[in-house]
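Read through the structure below, which is laid out as structure tokens, and then see the notes.
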Amino acid sequence: MILFLRSRVELNVLKQQNLRLQLKNIKSTMRPIVGTIFLLFGGFTANGVSAQASALTCNVGNYDIPATTDQIDMSGSAVRLKYGINRNFGGVGVNLRLINLAYPTQEVSVLEGRSAAGAGWQWTQNTVTYGNDRILTNQASGNGGAYGQWGWSNTVSGSCATSNCYINAGNWAPLYRDSFNGAAQSPCPVAPGNSFAFDEGRFDIAAQPVSVPGNGNAITFARAYTARSTWPSDQYWKHTRATDAHYFRRKTARDGDLRVFIKGRALNPATGIWEDWRVGPIRLYDKWLPAALNDLNGIPRGDEQPVSAPFKGTWSTFEKPNQVVDHVVLVWNILGVDTGIAIRVFSDGASIRMLENVYTGPSPDRICYLTPVDECGSIDVITYHAPNYNVTYPPGSTRTTQSNYHVGTKAQLQALGYWLY
């Protein structure tokens, strides 16, 4: 069973016919942002952000874990899920705990919550302009360098019962861009005016039990994110794509023998028929070899990507032409029981990456730069939504993307139709 959350807005990306000129015009109307900002009335502001009672938080430490302000708490018959978000950082996921109900007080934290404004579990939007500039927008939040972590708040409503648990955003949060051509940006006072917002966003999250034939209940879980154009004129973009970013703790991955299984389909050019392919298991806590990207018939389904210095690790993408990813399943051993999170994709591709030395600052983190250990690194699994090309987004237009998940034991996920062994 898949939950269908109410449609809310989606990503925004503007298709700029003359971005450089438009940015020049934007800069002429942009005003410095000072301190915590409260937008308390409706309508468009000069910089294109719709005023929706959202507050800006600035200068949170880059390696800090934002606190959990709201939580999904749902149990199946064998596994319990606790998923925490921070409403002051656009609803970004900051904590995810898996609980083997044979040991109900022992919670295993699997999500990498450090620097969650740019990591954690969140929606992101990648945009390419007609001038081939690249814009990255996170879920109303961002991080990088001297800016620290920053985020815009959402008001939240929610409720949890044994049969249903939900968290919904009650307002829109401005979607300022996190980076431009790879350079970090921020709406905070440390860099007034160097980040722009063309959209605003809100989220809906829900979970409930789902019956597994002959094997109790698993958990079905869904996250929807909607973006709405706030720019007062049409937006024009060459290419936009929404993704869902999931960052996991490398140490917990090793302790729990984290494996990934990927199933997709590819077009057979000889027959014109889409045929299934399967890759895995790939252990994500250490570097993997190119052969790990081959399917069960030895056909390469993924591609290696370069990891830029100073980072060390492995990065692979699954987005070949005439190929789609159907689902990605992550499996940890949680106190003796293989427990998984299945991500239903059904639209585009995915990537997997392990970095050994993400958290490499001054003392006491210097050891991570010299001799990386598991707590210095992270693992990210990114699932892609279908891309958009040569798109126009009128003022007030909305687009919603939704990702659907199942959480349960390995046996339960197999019974629900996911491929893993």
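Quick notes on this one:
- Looking at Asp244, Asp286, just one residue is within 22 Å of the chain's Cα centre (by Cα), surrounded by 23 or more Cβ atoms within 10 Å (Cβ to Cβ) and under 22 Å from Thr317 (Cα atoms), and that residue is Asp244.
Residue by residue, here is whether (1) modelled with pLDDT of 95 or more; (2) among the aliphatic types (A, V, I, L, M); (3) in a loop (DSSP other than H, G, I, E, B) holds:
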| position | (1), (2), (3) |
| --- | --- |
| Gly201 | yes, no, no |
| Ile205 | yes, yes, no |
| Val210 | yes, yes, no |
| Ala218 | yes, yes, no |
| Arg223 | yes, no, no |
| Arg228 | yes, no, no |
| Trp231 | no, no, yes |
| Trp237 | yes, no, no |
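- Restricting region 385-400 to residues that are buried (at least 22 other Cβ atoms within 10 Å of the Cβ) and in a strand (DSSP E or B) leaves a set whose member that is nearest to the chain's Cα centre (by Cα) is Arg399.
- In the set (1) of a type in the set (Phe, Trp, Tyr); (2) in contact with a helix residue (DSSP H, G or I) (Cβ under 7 Å, 6 or more places away or on another chain); (3) modelled with pLDDT of 95 or more, the condition left unmet by Phe318 is number (2).
- Residue satisfying all of: in region 289-325; among the β-branched types (Val, Ile, Thr) and more than 24 Å from Asn404 (Cα to Cα); surrounded by the most Cβ atoms within 10 Å (Cβ to Cβ) among these: Thr314
- Considering residues of region 75-104 that are β-branched (Val, Ile, Thr) and farther than 27 Å from Ala183 by Cβ only, the residue surrounded by the most Cβ atoms within 10 Å (Cβ to Cβ): Ile85
- Exactly one residue out of Glu112, Glu107 is more than 15 Å from Ile167 (Cα to Cα), among the acidic types (Asp, Glu) and surrounded by fewer than 23 Cβ atoms within 10 Å (Cβ to Cβ): that is Glu107.
- Taken over region 187-238, the residue count meeting the criterion of being surrounded by fewer than 24 Cβ atoms within 10 Å (Cβ to Cβ), among the acidic types (Asp, Glu) and more than 30 Å from Gly76 (Cβ to Cβ) is 1.
- Those strands (runs of 3 or more DSSP E) lying entirely in region 280-365 with at least 1 residues under 24 Å from Ile219 (Cα atoms): 323-334, 337-344, 350-355
- Cβ-Cβ under 6 Å pairs, at least 6 apart or on other chains, region 57-84 side within 14 Å of Thr162 (Cβ to Cβ), far side hydroxyl-bearing (Ser, Thr, Tyr): Ile72/Tyr83
- When residues of region 53-74 are limited to those that are surrounded by fewer than 18 Cβ atoms within 10 Å (Cβ to Cβ) and among the hydrophobic types (A, V, I, L, M, F, W, C), the one nearest to Gly120 (Cα to Cα): Ala67
- Here the condition is being over 17 Å from Arg223 (Cα atoms) and touching a strand residue (DSSP E or B) at 6+ places or on another chain (Cβ under 6 Å); of Leu111, Leu98, Leu81, it holds for Leu98 alone.
- Filter pass, Thr243 being farther than 30 Å from Leu175 by Cβ, touching a residue at least 40 places away in the same chain (Cβ under 8 Å) and not in a loop (DSSP other than H, G, I, E, B): no
- Neighbours by Cβ (under 6 Å, 6+ apart or cross-chain): first from region 334-358, over 16 Å from Arg259 (Cβ atoms) and in contact (Cβ under 8 Å) with a residue 40 or more places away in the chain; second of a type in the set (Lys, Arg) and assigned to a loop (DSSP other than H, G, I, E, B): Glu356/Lys312; Asn357/Lys312
The values are calculated or read from the model by the stated rules, or taken from the named source; none is laboratory data. Treat the numbers as computed from the prediction; the structure is a model and nothing was measured. Glycine gets a Cβ as well: all are built from the backbone with ideal geometry, and neighbour counts include every protein chain shown.
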